[in-house]
1. Restricting the first residue to the stretch B:309-335 and requiring it to be at the interface with chain A (Cβ under 8 Å from one of its Cβ atoms), which pairs with a second residue that is basic (Lys, Arg) and not in a helix (DSSP H, G or I) meet a Cβ separation below 8 Å and a spacing of at least six or different chains?
2. In the list B:26, B:102, B:62, which residue meets the criterion of being crowded, with 21+ Cβ neighbours inside 10 Å and out of contact with any His (no Cβ under 9 Å at 6 or more places or on another chain)?
3. Residue by residue through the stretch B:277-295, note down the ones that are open to solvent by 10 Å² or more (accessible area, probe 1.4 Å), touching a Ser or Thr at 6+ places or on another chain (Cβ under 6 Å) and either facing chain A (nearest Cβ under 7 Å) or within 18 Å of residue B:224 (Cα to Cα) (or both).
4. Which count do you get for residues in the stretch B:312-332 that are over 11 Å from the mean Cα position of the chain (by Cα) and either away from ligand 1 (no atom under 13 Å from the Cβ) or at positive phi (or both)?
5. If you take the residues of the stretch A:1-22 that are open to solvent by 30 Å² or more (accessible area, probe 1.4 Å) and in contact (Cβ under 8 Å) with a residue 40 or more places away in the chain, which of them is nearest to residue A:342 (Cα to Cα)?
6. Just for the stretch A:411-429: of the residues that are within 14 Å of chain B (Cβ to nearest Cβ) and of a type outside the set (Gly, Ala, Ser), which one is nearest to ligand 1 (Cβ to nearest atom)?
7. Of the residues B:365, B:334, which is open to solvent by 20 Å² or more (accessible area, probe 1.4 Å) and within 19 Å of residue B:135 (Cβ to Cβ)?
8. Suppose we filter A:232, A:240 for residues that are within 16 Å of ligand 2 (Cβ to nearest atom), more than 13 Å from residue A:323 (Cβ to Cβ) and of a type in the set (Ser, Thr, Tyr); which single one remains?
Amino acid sequence: MSNEGVIYRISGPVVTATGMNAAMYDVVRVGHEGLMGEVIELHGEKAVIQVYEDTSGIRPGEPVLNTEETLSVSLGPGLLTQIYDGIQRPLATLEEVMGVFITRGVDADAFDLEKKWTFEAVVGKGDELASGQVIGHVQETETIVHKIMVPPGKSGKVKSIKSGDFNVTQTVCTLDDGTELQMMQKWPVRSPRPYRQKYAPDTPLVTGMRILDFLFPLAKGGAAGIPGPFGSGKTVTQQSLAKYSDAQLVVYIGCGERGNEMTEVLDEFPHLIDPNTGKPLMNRTVMIANTSNMPVAAREASVYTGITIAEYFRDMGYDVALMADSTSRWAEAMREISSRLEEMPGEEGYPAYLSSRIAEFYERAGRVETLNGDDGSVTVIGAVSPPGGDISEPVSQGTLRIVKVFWGLDAGLARQRHFPAINWLNSYSLYPQSLDQWFRDNIAQDFPEIRTQVSGLLQIESELQEIVQLVGSDALPVDQQLTLEVARMIREFFLQQNGFHEVDAYCDINLQYKMAKAILSFQESAKSAMASGAQLNDVVNVQSRTDLMRGRFEKGYVDDIDDMVKKMTAEIAGTVEGN
Amino acid sequence: MSGKEYRTITDVKGPLVFLNKTEPVAFGEIVTIRLSDGSIKNGQVLDTSDDLVIVQVFEGTAKINRESGVTFMGDVFKLPVSTELVGRILDGAGRPRDGGPAIVAEENADIIGAAINPYSRQSPHDFIQTGISAIDCCTTLVRGQKLPIFSASGLPHNDIALQIARQAKLKGSDEEFIVVFCAMGITAEEYNFFRSDLERTGALENAVLFVNLADDPAVERIITPRLALTAAEYLAFEKDYHVLVIYTDMTNYCDALRQIGAAREEVPGRRGYPGYMYTDLAMLYERAGIVKGKKGSITQFPILTMPGDDITHPIPDLSGYITEGQIVISRELHQQGIYPPINVLPSLSRLMGSCIGEKTTREDHKSVSDQMYAAYAQGRELRGLVAIVGEDALNERDKQLLDFSGIFEDKFLRQTRDEDRSIDETLDLCWNLMSSIDTKYLVRLDQKWIEKYHPDNKE
Ligand SMILES: Nc1ncnc2c1ncn2[C@@H]1O[C@H](COP(=O)(O)OP(=O)(O)OP(=O)(O)O)[C@@H](O)[C@H]1O
Ligand SMILES: [Mg+2]
C-alpha cells in the first residue's frame, strides 16, 4: 500500500478511505480539493477520517493523501495576538484568501514564517543542552519574552549558536550531532507536553471578581468548571477572567459558540489595558474561534490546539490561563463524530469514552517544574452548557468529577439580574486549604477567618429566608432582621459585580478584603448601637452606609474606603442618641 | 449534467431511500426520483459510498418502489438568486408559488451557506425601533441580531412578529427592511394571515416569501429555511439591503429533523431529537449579522412554540444557547387580555448594551430600563407573598411596588396592534408610570436623570 488511497464513503464530516497506508491520527488530504482530515479509526483496509472542512460535493473515488504527520500545532514567536480556527489557521489569513465567508481547501501558516525576530542567545558554544532547555529569548510583544526552547526529545552539545535577526524557520543553533534548531517547533496536539514534575498549587489565580477570589478561589495550575443554563453568564465570566486575571498569558477558546462573541473580544481587547501590567491585553492573548457553525471536527480539535499552545508557554515558566467556552460543544462534537462511526453509545448518546476524554483534558492543567527547571502553570476554566440547566447530565458530571472548583451559575439569580449569577450556596472550591497561607502572607493574617464569617452569614441568611417566606420578615426578632440586612449587604455590595462597569468590573484583592471587613464592621457597630437602644431602621438607613456602598463605582475607592467606614461607624453610633 | 437513471433501490424507510451500485455520487448531491406514474420527487444524498447511497426525499416516500428511477443531478442544492426574488412567493423548495415565472438567476447559490469568518464580522450596534415598548425599552433589538420569539400554541406571536415587521426602523431614518419570510409547517390560515397583512400594508412588494405549509412535505422543511437564508444573504451581502428574516415555526423544523434521525436509526439525544441539533440550528441562526466591507445586514426573528410551554424543552433550550437573547410570550398575560403579552423577566437582549444610550436612544435608557425591570420583578414577587400573608402585611414600599406591577402590565406592556411608539414616547411613559413610586425607592435611577426627566421636576 502507498500513502495514497481513494474515498470509499462519505457521511457528513466522516470519510472512509481504502487502499492507503495509515496510522492512527495521521493527517490526510481528502478529495481533489485536499481538505484536511485526521485518521481516527482503522478497520482492516479502511481508514476512517474526520474531516475539518465541509464535505458536500465530494465523491467516492476521489483521492486521499496521507501526509504521515500527526495533527500538530506550530509553536514559536508570532503566536501571540493571533486568532485561529480549531486547526490553527489564522482567521485573518483566511479572510485575505477567501473573503468574509470561510470556504474550503485553503491552507494557511500559523504565523508569518518570513518575519524576522531578534533572537538573543542565552547559552553558548560547548554548553550541554537538555530537552526543553531555554536557548534564547525573543521579545515577542511589549510584555512577553518568548523563550526559545530545545524541543522535547532533542539534546546535545552546542556546536554553534548565534544571536541576531532570524525568521522562525532559520537555524539559530546547531548541536554537535548535526541537529539544527529553529525558533519554530511542532507538537502533536493530542499528546501532553512533558515536564519534570507536577507540584501542588499554592498560589491563587487572582481574578478581580469578588465572589471568585474571596469565596471560591481557584489556584494557578488548577481547574474550574462553570456550568450554567443559557444566558446565565458563562461567557461574561470567562471574558472577565481573560481580561483581568493575573495570569501572564491567556488562551481563549471559543468552542462551538457565537460568532459575534468572538468579534466582541477582537474589538475590545486591543483597547483594554491589563490591570496587572498596564499594557494592552491583546499582547498576552491567543484566541481560538471555532464557532458553532464552523465544522464540528475542527471544533473537536480546537480544545487540543488551545491546550497545547498553553502548555508551550507554560514550559517557558509562565502562568497561563485557558478558558474553553463551551466544553459541552466539544463533547457534542465528539458525540456527533462517534455516532457517525456507529460506535456503541454511552449515556445520552455520548461516546463511552466521554468522561475519560474530559478527565484527560483537565489533567493537562497543573503547576509544574518545567524541563528547564522553572515553575510554570496552566489553569483551565471550562464552561459547561447543560441541557435545560440540569447538571445531572454526562458532561457536567464528568467535569465535576475532575475539577476542584465549581462555579455554579443560576438561572434564578440571572433573572433577578444578580450578576455574576454564581450561586454562593452550592458553588465550591477545594483549594482554600492550600491557598490560605498565601492569603495570610500576602493580603491579611485573618483573611481565611473573614471568609468564613462572610460565608457563614450567607448560610444563616438562607435558613432565615425559609422562615421569611412563611411569615414575612417583620415577624423575626430584630437581631435576626439585622443579620438579614448584613447578608443583603454582602449580596448587593460584595457579591454583585457588574462585568461591564469600567470601575467595578475589576476589584483588587486588597480592596475585596477591605470591603468584606467593612460589612463586618457595619454588623458590629449596628449590633452595639442596637444593644444601646437604636432602631434597626435608623441604623440601616444611615447615609454614610449608602455612600460606602455606592463608592465602589468610583475610582480611588481603595483609598477612601477606610474613612467611609469610620464615618459610618460614627453615624451609626449617633443613632443611639436620636432614640 | 444530469446523468443516468438508476433502478437500484433496495430499501425505503420513512423519508429515506437506499440504493446500491451507482457511479460515484457526491455527498449532498441533489436527486430526482421518477415514479411509475411519471411524477417526480426530489431529494438529497445523506450518505454515499461505493456500495450504498442514502437519499433523503423531501416530499415523503409515498409510492416509491424498487422500480422508481433515481437520477443524480451532479450538484448540491442551489437556489437561483437575483433581485427579482423581491416581491415573490416561493414554495418550500424554492419554486414559484405565486403563478409567476421562474426566477432568472444572477447566480446559483449553495444553500448550505459558508460560515462567516468570525474575524470578518462587525459587532452590531444600530438600534432598531420596533415601536413596541416592552421590546424597545427592556429587550432592545439591534440590527444584525438574532432574537427569537419563544411562544406557545394559541398565543399571538404572529401578530407580534408582523407588528415588528411593519414598524421596525432605524431611529431617525426611513430606510426600509426587506422582509424574508419563511413558513415551515404552519397552517394555511396562519399563512394567509401573514400574507394578507403584508399585502394590506404594501410590505409584500418588499418581501420574499418561502412557504411550506402544514400539509406540504415535512422533510422539505429541512431546506426551506436554508433557501430563505440564502436569499437573505444574497440580498444583504451582495445587494446591500437590510434584511429582516422571520421564520416560523422552528418547532416544526426540529420535528422534521427528528424524523430523519429516527429513520436513519441514529442514537437520539434528548427527547428523541438528534444529537447534532445544536449544530444544525447554529448553521441557521449564525447566518445573521453584519460583515466587514458590506453595507447590508441580516436580522433574524425566529419564532418557535415551546411544547408544553416548557422553556427547558430541547427546541427553546438549544435555540437560547445560540441566539442573542429571547423574547418570551406569556400565556398568563395573554389570558389577562394583555397585548403584547411579553414577559420581560425571562426575556433578554444580549446586544442591548451596545445600542442604547445618549448617542443612539437616550441617555437615561439604561437607568430607566433597569429600574422598570427591577420594580416589576419585585412587584411580581410580592404578588406571591400577598397571596400568603395578605396585603396588610406589606410596608409602604412593598405596597407601591405591588401596585406598580399592575400598572406596568396595563399601561406599559399593553398597546394596540398598530400602535407605534417612538423610543422617546416609551421612555417618557416609563417616567410617568414610575412616578407612582416614591423616588426614594427608585434606587436604580441616577439622580441626574431624576432631576431631568421625573414628572415632578418637569415644569
Ligand atoms: N457579570 C455580569 N455583569 C453584568 N451582566 C452580566 C454579567 N454576567 C452576565 N450578564 C448578563 O447576562 C447576559 C448573558 O450572559 P452570557 O452571555 O455570559 O451567558 P452564557 O451563560 O454564556 O449563555 P450561553 O450559554 O447562551 O452562551 C449578558 O448578555 C449580560 O446581559
Ligand atoms: Mg455563552
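1. As it stands, the answer is B:322/A:258; B:322/B:146; B:324/A:258; B:324/B:146; B:324/B:350; B:325/B:350, since those pairs meet every condition given.
2. Exactly one residue qualifies, and that residue is B:26.
3. B:292
4. Going through the stretch B:312-332 one residue at a time, the tally reaches 10.
5. A:9
6. Selected residue: A:419.
7. B:334
8. One residue alone meets the criteria, A:232.
The values are calculated or read from the model by the stated rules, or taken from the named source; none is laboratory data. On a predicted model such as this, the values are computed, not experimentally measured, just so you know. With ideal geometry, Cβ positions are generated from the backbone for all residues, glycine too; neighbour counts draw on all protein chains shown. Calculation scope for accessible area: heavy atoms of the full protein, side chains included, ligands and nucleic acids excluded. Shrake-Rupley method; radii C 1.70, N 1.55, O 1.52, S 1.80 Å.
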